[in-house]
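Undergrad: Sharing a structure below in structure tokens format, with a few things to ask.
The values are calculated or read from the model by the stated rules, or taken from the named source; none is laboratory data. Please read all numbers here as calculations on a predicted model, not as lab measurements. Please note: Cβ atoms are built from the backbone with ideal geometry, for glycine as well, and neighbour counts cover all protein chains shown.
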Amino acid sequence: MTHTYAVILAAGQGTRMKSKLYKVLHPVCGMPMVEHVARNIRQLDVAKTVTIVGHGAEKVKEQLGEMSEYALQEEQLGTAHAVQQAASMIEGLEGTTLVVCGDTPLIRPETMENLLAHHKETNAKATILTALADDPTGYGRIIRNEEGHVAKVIEQKDASAEEQQVKEINTGTYCFDNEALFTALKKVSNENAQGEYYLPDVIEILKNEGATISAYATDSFEETLGVNDRVALSQAENTMRARIAEKHMRAGVTIIDPATAFISAEAVIGADTVLQPNVMIEGATVIGEDCLIGPNSQIVDSRIGDGTTIHSSVVLQSTVGNETKVGPFAHIRPDSQLGDEVKIGNFVEVKKSELGNNSKVSHLSYIGDAHVGTNVNIGCGTITVNYDGKNKHLTTIEDDSFIGCNSNLIAPVTVGKGSYVAAGSTISKDVPEDSLAIARSRQENKEGYAKKINRK
Ligand code: UD1
Ligand code: CA
């Protein structure tokens, strides 16, 4: 049985990005380009994936982890030289090798599968994935002979004026007979405009040796976009964003304006959830069914239950239960856990705190480093005074308690189950269960005194 192997080219610096970040690590919809490529390849039946790393090698390896094996290209002498680095891992093996560039994040697994199928059907030694570009500038051009067969690929910088007119481009994705590939790689020279060893030269080498070369033309140039600079990066982002939005809409999510719904590639969203304009759903966020995510909400690496509303709010690395309401204008900071039927209202900040089912903080409060039980009502303007200038301390508010407006709870402190804290209190001692705590100065009324002042 012959296997399929994959090689991802990811060693380049990406000079045209003008960036401190290595090119293939630039994110598209929140995920580095090279990870999109690796994940797409993982959907195919591939026996071994080798990623060629060089610039930013450690970072690329860290990003892809066990999705791939790695070969180091110490000097970036061209795409053929890059593939050559995989020799110790796959040279001599019987099978087909798929080569994909780490800067083409939009090529779908289905397209790669079609390419592999075409390669097998045509019994070719090499099959190249091509596309028709309105503006082919920058891409290698496919030069076909009189019979219409691919004769060679010519790079933009080496192409004559006539060759530059050709609109059929090399997408940078290929299948090769693995043994033929490594034999031909040894014959590639660097006598060209860039002084590099070009992988596409393998096509011409094999052709001249009488091998069958095949081409598979995809009808979607958009999909084959190679991201060399920030303009292409934004185009990739737009295409990917539309694709992700479509996937969710087809699965039952309502997206009022897909153009402004920024959803990460990894996010999971349940059916009948509605996303209003300008939402950002980032990282590995999971949103349940029947939720309403209101305008200008940002949800990062969080888990949201079913039937919950998040309105114009920020939720970071937190968990929110079912039928809970957050916002408008709330800030849920990392490591918070909101239960079911919780209400967090406007101008409330919650940090590293737990709120049990049916507890409410409706307005203008700061809840930090707190354990709040179930059925607790926290009045407007309550502050957990968690920081003494050096350390953070815990506030515990047990079930069924009621915290009056404008209270300070000086941590560490516990308000026992079923207790009341009177409005305006500054609580610095624990409150026993079922108690009323009042910690404010008593009011004194001086009758008639106002008239005395007014007379002056
Ligand atoms: C390449 C192709 C071009 C094709 C285009 C499609 C060559 C010579 N040209 O051009 O025909 O139309 O892709 O997008 O192959 N890389 C390495 N090591 C190197 C050089 C490059 O790993 O020594 C990696 C890069 O990190 C990148 C990929 O190979 O992910 C492609 O390199 P890039 O410089 O972007 O090639 P293009 O000029 O776009
Ligand atoms: Ca490129």
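Undergrad: Given the structure, is H26 within 29 Å of K120 (Cα to Cα), within 16 Å of ligand 2 (Cβ to nearest atom), under 18 Å from the mean Cα position of the chain (by Cα) and not assigned by TED's automatic domain parsing to the domain that holds V300?
TA: On the way: within 29 Å of K120 (Cα to Cα): no; within 16 Å of ligand 2 (Cβ to nearest atom): yes; under 18 Å from the mean Cα position of the chain (by Cα): yes; not assigned by TED's automatic domain parsing to the domain that holds V300: yes.
Taking the combined requirement at face value, the residue does not satisfy it.
Undergrad: Then there's this: For the stretch 63-99, give me the residue count where each residue is among the hydrophobic types (A, V, I, L, M, F, W, C), surrounded by 20 or more Cβ atoms within 10 Å (Cβ to Cβ) and either assigned to a strand (DSSP E or B) or more than 14 Å from ligand 1 (Cβ to nearest atom) (or both).
TA: Kept after step one, since they are among the hydrophobic types (A, V, I, L, M, F, W, C), are these residues of the stretch 63-99: 64, 67, 71-72, 77, 80, 82-83, 86-87, 89-90, 93, 98-99.
With surrounded by 20 or more Cβ atoms within 10 Å (Cβ to Cβ) added as a condition, the list becomes 64, 71, 80, 82-83, 86, 90, 98-99.
With the extra rule that they be either assigned to a strand (DSSP E or B) or more than 14 Å from ligand 1 (Cβ to nearest atom) (or both), the set shrinks to 71, 90, 98-99.
The number of residues fulfilling the criteria is 4.
Undergrad: Collect the residues in the stretch 430-449 that are outside any loop (DSSP other than H, G, I, E, B) and surrounded by 13 or more Cβ atoms within 10 Å (Cβ to Cβ), keeping them in residue-number order.
TA: First pass over the stretch 430-449, keeping only residues outside any loop (DSSP other than H, G, I, E, B): 431, 436-437, 449.
Across the stretch 430-449, the qualifying residues are V431, A437.
Undergrad: In the stretch 29-51, how many residues are part of a strand (DSSP E or B) and either within 16 Å of ligand 2 (Cβ to nearest atom) or not assigned by TED's automatic domain parsing to the domain that holds L115 (or both)?
TA: Of the residues in the stretch 29-51, 2 are part of a strand (DSSP E or B) and either within 16 Å of ligand 2 (Cβ to nearest atom) or not assigned by TED's automatic domain parsing to the domain that holds L115 (or both).
Undergrad: I'm told N278 meets every condition in (1) in contact with a helix residue (DSSP H, G or I) (Cβ under 9 Å, 6 or more places away or on another chain); (2) closer than 25 Å to Y22 by Cβ; (3) away from ligand 2 (no atom under 16 Å from the Cβ) except one. Can you identify the failing condition by its number?
TA: So N278 meets the others, but not (2).
Undergrad: What residue, of T137, T104, T173, is of a type in the set (S, T, N, Q), closer than 25 Å to E237 by Cβ, within 16 Å of ligand 2 (Cβ to nearest atom) and part of a strand (DSSP E or B)?
TA: Among T137, T104, T173, only T173 is of a type in the set (S, T, N, Q), closer than 25 Å to E237 by Cβ, within 16 Å of ligand 2 (Cβ to nearest atom) and part of a strand (DSSP E or B).
Undergrad: Touching a residue at least 40 places away in the same chain (Cβ under 8 Å) and over 30 Å from K167 (Cα atoms): is that true of F262 in this structure? Step through it out loud before you land on a result.
TA: Details: touching a residue at least 40 places away in the same chain (Cβ under 8 Å): yes; over 30 Å from K167 (Cα atoms): yes.
It is true that F262 is touching a residue at least 40 places away in the same chain (Cβ under 8 Å) and over 30 Å from K167 (Cα atoms).
Undergrad: With more than 18 Å from G12 (Cβ to Cβ), among the β-branched types (V, I, T) and in contact (Cβ under 8 Å) with a residue 60 or more places away in the chain as the only criterion, which of T97, T79 stands out? Can you show your working first?
TA: Details: T79 fails: more than 18 Å from G12 (Cβ to Cβ).
After ruling out the rest, the residue left standing is T97.
Undergrad: Which number in (1) in a strand (DSSP E or B); (2) more than 14 Å from ligand 1 (Cβ to nearest atom); (3) in contact with a helix residue (DSSP H, G or I) (Cβ under 6 Å, 6 or more places away or on another chain) marks the one condition that T4 misses?
TA: Unmet for T4, out of (1) in a strand (DSSP E or B); (2) more than 14 Å from ligand 1 (Cβ to nearest atom); (3) in contact with a helix residue (DSSP H, G or I) (Cβ under 6 Å, 6 or more places away or on another chain): (3).
Undergrad: Looking at (1) touching a Ser or Thr at 6+ places or on another chain (Cβ under 9 Å); (2) surrounded by fewer than 19 Cβ atoms within 10 Å (Cβ to Cβ), find the lone condition where G138 falls short.
TA: (1)
Undergrad: Would you pick out the residues in the stretch 205-224 that are more than 15 Å from ligand 1 (Cβ to nearest atom) and polar (S, T, N, Q)?
TA: Residues satisfying the conditions are N208, T212, S214.
Undergrad: Something else: Restricting the search to the stretch 345-357, which residues are farther than 18 Å from D399 by Cβ and part of a loop (DSSP other than H, G, I, E, B)?
TA: Answer for the stretch 345-357, where residues must be farther than 18 Å from D399 by Cβ and part of a loop (DSSP other than H, G, I, E, B): F347, V348, K352.
Undergrad: Yes or no: the stretch 323-344 includes at least one residue that is outside any loop (DSSP other than H, G, I, E, B) and within 21 Å of V253 (Cα to Cα).
TA: yes
Undergrad: Additional query: For the structure I just gave you, tell me whether D335 is charged (D, E, K, R), within 16 Å of T308 (Cα to Cα) and under 32 Å from the mean Cα position of the chain (by Cα).
TA: no
Undergrad: Working only within the stretch 152-164, note down all residues that are surrounded by fewer than 17 Cβ atoms within 10 Å (Cβ to Cβ) and either closer than 18 Å to N208 by Cα or within 35 Å of the chain's Cα centre (by Cα) (or both). Can you show your working first?
TA: Here is the first cut: in the stretch 152-164, the ones surrounded by fewer than 17 Cβ atoms within 10 Å (Cβ to Cβ) are 156-158, 160-164.
If the condition is that a residue be surrounded by fewer than 17 Cβ atoms within 10 Å (Cβ to Cβ) and either closer than 18 Å to N208 by Cα or within 35 Å of the chain's Cα centre (by Cα) (or both), then Q156, K157 are the ones that fit.
Undergrad: Check the stretch 279-290 and report whether any residue there is in contact (Cβ under 8 Å) with a residue 12 or more places away in the chain and more than 19 Å from the chain's Cα centre (by Cα).
TA: The first filter runs over the stretch 279-290 and keeps only residues in contact (Cβ under 8 Å) with a residue 12 or more places away in the chain, leaving 279-290.
From what is left, the residues that are more than 19 Å from the chain's Cα centre (by Cα) are 289-290.
Yes, the stretch 279-290 contains at least one residue that is in contact (Cβ under 8 Å) with a residue 12 or more places away in the chain and more than 19 Å from the chain's Cα centre (by Cα).
Undergrad: Could you tell me whether any residue of the stretch 213-220 is assigned to a strand (DSSP E or B), of a type in the set (S, T, N, Q) and over 30 Å from the mean Cα position of the chain (by Cα)?
TA: Yes, that holds for at least one residue.
Undergrad: Let me ask another. Only one of these is within 16 Å of ligand 1 (Cβ to nearest atom), loosely packed, with under 15 Cβ neighbours inside 10 Å and not charged (D, E, K, R): V202, V227, V231. Name it. Walk me through it before giving the result.
TA: Values: V202 fails: loosely packed, with under 15 Cβ neighbours inside 10 Å; V227 fails: loosely packed, with under 15 Cβ neighbours inside 10 Å.
Answer to the selection: V231.
Undergrad: Also, I was wondering about something else. Scan the stretch 230-248 and give yes if some residue there is in a strand (DSSP E or B) and more than 16 Å from the chain's Cα centre (by Cα), otherwise no.
TA: no
Undergrad: Now for a separate question. Residues in the stretch 24-49 that are within 14 Å of ligand 1 (Cβ to nearest atom) and touching a Lys or Arg at 6+ places or on another chain (Cβ under 8 Å): how many?
TA: So the count comes out to 2.
Undergrad: Given the criteria closer than 18 Å to V100 by Cα, outside any helix (DSSP H, G or I) and assigned by TED's automatic domain parsing to the domain that holds Q85, does F182 qualify? Walk me through how you get there before you give the answer.
TA: Working: closer than 18 Å to V100 by Cα: yes; outside any helix (DSSP H, G or I): no; assigned by TED's automatic domain parsing to the domain that holds Q85: yes.
Criteria not met by F182.
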